[in-house]
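Undergrad: So that we are looking at the same thing, I have put the structure below in structure tokens.
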């Protein structure tokens, strides 16, 4: 059933308060991402302070990753249906309260329960950030907004370890880790207050039909299939669904449950420490559940209902290629920072603060490049992403060169910070520009669930990549030395990045043909 856009959404002029909305979103993402990256360097402090064993520590990381990944798509869908602001605020409140629980945890079990809940809060709010950027920004401004988001991502991911190291030095190894969680509380309270004050009322209700697109954005939509996706975003994605008379949207609870359990089954073997043969059997079970989910979504739509993810999204080249690029890139490059931390802290016995400082130049570079790329992604498109992938190759090669020279000639290890600058360039040129290109032709009514699909691909890629690369790293370390393990791990990452480059080049060729 075709709906008529409401008056506020039928106008081409965007919300004049959109930049204030973006400021709230970016502050929230900074809090969320620092809360993730800071944990990596405070694990020894947690183990000391709570007398936790290795399994407890593993679940400090894994519990968050599992709940975060499982709820992303369902949370995006819920934001599309009931309104993005309520789901966003719920995520902020849950994340903030669970940060209090984690910071005051008296034992490892309480801490891990708090981390599970914290991952749930982060999973609720993340798709709303993407959805609200899609809703409030169009054309070149959307690229700028995603560029700003990429700057925040780059800085927060790399500055987290530095903040963690500073907090541990200030408050000591016994209790310092608690403050890495408690610092989220004032930020969360501020964000909730500003959201209530600054978010326009429509964001607190179900998402209406898409605003009229700017003339420049109409011109950017080129392929026939993609044009079909954006002409009438207030109805089902294709003309076929429109002729069937698709019913009003609903939450599709069965689809949400099937996808959530499938993602859980796919993630668990990779995020659990020391998985058994029974754990690995979850992989084929997860694939079977994913197939069941696809069948359910197709049948749900065939019955005239609106599925949680309209699978015709994957007929859009920009969305399909972009999602694949994101998953592959995160599968490879995410492990860079883990291997660097392992090598510097365990191999060279450097401090957590030194490790944080090593990645700081890359973080700042990532922020600058992301801002630059966001302003130009609509001009250069996939070429920016391809350039970023090439920069990651340079960074990987130079990093291995520095490590080998340091081991055999005493070359200063701090030159590694310069090599990692190229990884920072890659982060800025790949992540946010790819997100902009991936979601360009997605109707606003599906922006939350589409953003959830994109982020779920990133989470699965991250989990698989970390498990694969670290397993190869430690296997090589057992048979060789730290330099050999580092070199082998980076070689594996380079192989994954090479595949990512082939996919990006294929998408660029596709774009030239249309």
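Only the coordinates and a few stated rules stand behind these numbers; no lab work does. All values derive from a computational prediction rather than experimental measurement. Cβ placement follows ideal geometry from the backbone for every residue including glycine, while neighbour counts extend to all protein chains displayed.
Undergrad: Packing-wise, with mean Cβ within 10 Å as the measure, how do 173-186, 469-482 rank, highest first?
TA: So the order, starting with the most tightly packed, is 173-186, 469-482.
Undergrad: Compute the acute angle (0 to 90°) between the alpha-carbon long axis of helix 352-380 and the principal axis of greatest extent of the alpha-carbon atoms of the chain; round to the nearest 10°.
TA: Helix 352-380 sits at roughly 30 degrees to that axis.
Undergrad: Also, quick follow-up: Where the centre of each part is set by its Cα atoms, how far does segment 60-108 sit from segment 260-322, in angstrom?
TA: 21 Å
Undergrad: Order these peptides, 403-410, 93-100, by their mean beta-carbon neighbour count within 10 angstrom, highest first.
TA: Numbers: 403-410: 14.1, 93-100: 20.9.
Put in order of decreasing packing, that is 93-100, 403-410.
Undergrad: Where does helix 18-37 land angle-wise versus the long Cα axis of the chain, in degrees 0 to 90, nearest 10?
TA: Between helix and principal axis, roughly 30 degrees.
Undergrad: Enter the angle in degrees (range 0 to 90, nearest 10) between the Cα long axis of helix 108-136 and the first principal axis of the Cα atoms of the chain, meaning the one along which they spread out most.
TA: Here the helix axis deviates by roughly 40 degrees.
Undergrad: Separation between the residue 509 and residue 379 pseudo-spin-labels, each 7 Å from Cα along Cα→Cβ, expressed in nm?
TA: The two pseudo-label positions are separated by 2.8 nm.
Undergrad: If you don't mind, there's one more thing I want to ask. Can you work out the FRET efficiency for the pair residue 409 and residue 498, with r the C-beta to C-beta distance and R0 = 45 Å, to the nearest 0.05? Walk me through the intermediate numbers first.
TA: Numbers: r = 29 Å, r/R0 = 0.64.
Efficiency computed from Cβ-Cβ geometry: 0.95.
Undergrad: Distance from the Cα centre of segment 458-512 to that of segment 435-456, in angstrom?
TA: If we compute the Cα centre of each part, the gap is 26 Å.
Undergrad: A further question follows. Apply 1/(1 + (r/R0)^6) to the Cβ-Cβ distance of residue 100 and residue 196, taking R0 = 22 Å, and write down the FRET efficiency to the nearest 0.05. Write out the running numbers ahead of the final one.
TA: Values: r = 20 Å, r/R0 = 0.91.
The calculated FRET efficiency here is 0.65.
Undergrad: Based on the mean of other Cβ atoms within 10 Å per residue, sort peptides 323-335, 53-65 so the most packed one is first.
TA: 323-335, 53-65
Undergrad: Next question, about the same structure. Let me have the 222 nm mean residue ellipticity of the chain computed from DSSP H runs of 4+ only, each contributing -39500 (n - 2.57), with the sum over all residues rounded to the nearest 500. Mind dumping the intermediate values first?
TA: On the way: 20 runs with 408 residues, N = 514.
It lands at -27500 deg cm²/dmol.
Undergrad: Between segment 326-361 and segment 377-402, how many Å separate their Cα centres?
TA: 18 Å
Undergrad: What percent does the relative contact order of the chain come to when contacts are Cα pairs within less than 8 Å and at least six residues apart? Numbers along the way, then the final one.
TA: Working: 922 pairs, mean separation 120.6, N = 514.
For the chain, the relative contact order is 23 percent.
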